[in-house]
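Here is the structure we will look at, set down as structure tokens.
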Amino acid sequence: MADPQVEQNEDRRLVAAARSGDTAAFEELVRSHQHEVYGLAIRLTGNRELAADVAQEALVRAWKALPNFRGDSAFSTWLYRITVNVAWTRKRQAARRSARSLDEIGDIVEADSIGPEQAGEAADLRGRIRRALDQLPAGQRTLVVLKDVEGWTHGEIADTLGISVSAAKVRLHRAHMKLRTLLKEHR
Amino acid sequence: MSRLRCRKVRLVLPAHVFGGRSLSRRDEAHLGQCLVCQADAATYRSMQTALRSLHDEGADAPPWLVEKVMATLGLPERRQRKGALVAAAVLVASAAVAVWGRRRLRPVG
Ligand SMILES: [Zn+2]
């Protein structure tokens, strides 16, 4: 299913069925969106294990919240918003619960995702940016990932995180400056 | 090269590179001549490219994810089923007691 319009129509049909309690329809939705949700979670958290937990919780929450989904946005957009909120909550909990450093978490992803075949300048830069991202405070990381990696608008970010557009812009600006400093350190 | 201008330009560079905000003429002129600010702008540009490229690094969800999600959704159902089993067991037990009681009450002979 490459055509986004066809995909959205299919989603709409499945959502309608799932809303009336059809778990098989919901399973279809989970199947078709699981990789996107997990990918977003991993970029937001920088940790595979945590990302899997986040994806699972987000999908379960989506099922529970489905009666409230009015279809104002695409199902995928709605689902990604839930994922962002779960990731945000989990990261804060994790930061409180354990003293495990973000660098360590970053190393896990690094070791998993970078193979020798990916060597080269671009991969090197990606590695450095990932390490730098891991050192950003969770709030700043969320903004950078949503804006610069996922391509969300300031408005979408502000909406999802419950902040004003200007606050989103100011925080993003700070995050960019901080990221640049960190990137220089990782040279 | 004015240090003050450097500081000013570096403050607006992220919004210029990431947000496409245009520079003032003086800032533009400074950027055209200042190697330090140019290097900074180049860093932001490569940051932007690297960040965008992270999106294309697809990560497959773990193979157990769908099953686990669906199993979690089924929890209340399973609880209901368990509840129904308990209720059925109670019914059977009370029926047995009733039968046993009736048997006992049945006059002998
Ligand atoms: Zn300068």
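Would you mind calculating the relative contact order of chain A from Cα pairs under 8 angstrom and at least 6 residues apart, reporting the percent as a whole number?
This gives 18 percent for chain A.
Nearest 10 degrees is fine. How inclined is helix A:102-113 to the longest principal axis of chain A, computing both from alpha carbons?
With both axes taken from Cα atoms, the answer is about 70 degrees.
Show me, for segment B:53-67, the HN-Hα J-couplings you get by feeding each phi into the Karplus relation (A = 6.51, B = -1.76, C = 1.60, θ = phi - 60°), rounded to Hz, glycine and proline as x.
3J(HN,Hα) across segment B:53-67, in whole Hz: 5, 5, 5, 7, 7, x, 10, 6, 5, x, x, 8, 4, 4, 4.
To the nearest whole percent, what portion of all C-alpha pairs in chain A is separated by more than 31 angstrom?
22
Counting pairs of alpha carbon atoms under 8 Å apart in space and at least six apart in sequence, what relative contact order in percent does segment A:1-64 give?
Value for segment A:1-64: 20 percent.
Tilt of helix A:121-135 relative to the longest C-alpha principal axis of chain A, in degrees (0 to 90, nearest 10)?
80
Tilt of helix A:75-97 relative to the longest C-alpha principal axis of chain A, in degrees (0 to 90, nearest 10)?
Relative to chain A, helix A:75-97 is tipped by roughly 50 degrees.
Would you mind telling me which residue in A:R141, A:R31, A:R48 has the biggest mean-square fluctuation in a Gaussian network model of chain A, where springs connect alpha carbons within a distance under 10 angstrom?
Ranking A:R141, A:R31, A:R48 by mean-square fluctuation puts A:R31 first.
Rank A:E57, A:E28, A:E121 by mean-square fluctuation in a GNM of chain A with C-alpha springs under 10 angstrom and give only the top-ranked residue.
Residue with maximal mean-square fluctuation among A:E57, A:E28, A:E121: A:E121.
Each residue of segment A:48-60 in order: what ³J(HN,Hα) in whole Hz does its phi give by Karplus 6.51 cos²θ - 1.76 cosθ + 1.60, θ = phi - 60°, with x for Gly and Pro?
5, 5, 5, 4, 5, 4, 4, 4, 4, 5, 4, 5, 5
FYI, it's all coordinate maths here, none of it is from the lab. Keep in mind the model is a prediction, meaning the values are calculated, not measured.
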